[in-house]
Amino acid sequence: MTKDDCFYLGRVAKTHGIKGEVTIKLDVDDPGAYLDLKYILLEINKVLTPFFIEKLTPSGDKFFVSIQDIGTVEAASALTGKSVYLPLELLPKLSGKQFYYHEVKGFTVVDAEKGELGPIQEILEYPTQAIIQVMRDGKEILIPILDQVIQKVDRKAKKLYVKAPEGLIDMYLS
């Protein structure tokens, strides 16, 4: 399994207790969606390695995890700092206007005023704003991902409906 087949769940922050447990700091909106995990994938030497969970205790945005065959603080400390991944199929399903960035790549963007703009090339993540990158006739169009801009996600038709700020698309196409 490669990173392209997975999503980032968080990282092993530190050891927990004296029996080889670890604390996983989660990077998700809803930690409760992951309470039934049977395993995690840790990135070790650029390879995703499965580890099976014996016990998982939630605590806010952290999980205290007992991992099979990791029974000492020394063994657990070797896992600290490692990135934690899960297969994409374990992502909770989204509905309405919500979407995962990876799932809309290739969707056609349809603007309320300008109609079909073209396929989503990438979602560009900047510290202050995520941006949809669309190519139309060799020209790049960048559209901010904001609640007031995203109107509808049609997963069946693979279309993302937007209402771009006035003049934004014209700025790119002129």
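Kirkwood Rh, the chain, all Cα pairs: how many Å?
Details: mean 1/r = 0.0544 Å⁻¹.
With all distinct Cα pairs of the chain included, I get 18.4 Å.
Once you have the Kirkwood Rh of the range 91-168 from its Cα pairs, apply Stokes-Einstein at 25 °C and 0.890 mPa s and quote D in µm²/s.
On the way: Rh = 12.6 Å.
Approximately 195 µm²/s, per Stokes-Einstein.
Over all directions, how big on average is the projection of the convex hull of the alpha-carbon atoms in the range 1-65, in square nanometres?
Details: hull surface 18.6 nm².
Spelled out: convex hull of the Cα atoms, projected over all directions, averaged, 4.7 nm².
For the chain, which span is the longest to avoid every loop-located (per DSSP) member of GluC sites (Glu not before Pro) having at most 14 other Cβ atoms inside 10 Å?
Working: sites that count: E113, E166.
Excluding the exposed sites themselves, the longest stretch runs over 1-112.
Which FRET efficiency value, to the nearest 0.05, do you get for T57 and Q148 by plugging their Cβ-Cβ distance into 1/(1 + (r/R0)^6) with R0 = 41 Å?
Values: r = 40 Å, r/R0 = 0.96.
That gives a FRET efficiency of 0.55.
With θ taken as phi - 60° and the coefficients 6.51, -1.76 and 1.60, list the Karplus ³J(HN,Hα) couplings across the range 53-58 in order, rounded to whole Hz; mark glycine and proline as x.
My calculation for the range 53-58 gives 8, 8, 8, 9, 10, x Hz in order.
Give, as a single signed number, the net charge of other residues whose beta carbon lies under 15 Å from the beta carbon of T2, with Lys and Arg counted +1 and Asp and Glu -1.
Values: positive: K3, K46; negative: D4, D5, E43, E89.
Net of charged neighbours comes to -2.
Suppose R0 equals 25 Å; then what is the FRET efficiency for V73 and Y39 from their Cβ-Cβ distance, rounded to the nearest 0.05?
Numbers: r = 22 Å, r/R0 = 0.87.
The pair V73/Y39 has a calculated efficiency of 0.70.
What trypsin sites (Lys or Arg not before Pro) does the range 8-45 have in DSSP loop regions with at most 11 other beta carbons within 10 Å?
Sites meeting the loop and neighbour criteria: K38.
In nm, give the distance between the simple-model label positions of K19 and S95, each being 7 Å from the Cα along the Cα-to-Cβ direction.
Distance between label points: 3.9 nm.
I need to check one value: relative contact order of the chain, counting alpha carbon pairs closer than 8 Å and at least 6 residues apart, in percent.
Numbers: 332 pairs, mean separation 31.5, N = 174.
Over the chain, the number comes to 18 percent.
Before rounding to the nearest 500, sum -39500 (n - 2.57) across all DSSP H runs of length at least 4 in the chain and divide by the residue total; then give [θ] at 222 nm in deg cm²/dmol.
Working: 2 runs with 11 residues, N = 174.
Computed ellipticity for the chain at 222 nm equals -1500 deg cm²/dmol.
Each reported figure results from applying straightforward, stated rules to the coordinates on display, with no laboratory input. A quick note: this is a predicted structure, and the numbers were derived from the prediction, not measured. In this analysis, Cβ positions are derived from the backbone assuming ideal geometry, glycine residues included, and neighbour counts consider all displayed protein chains.
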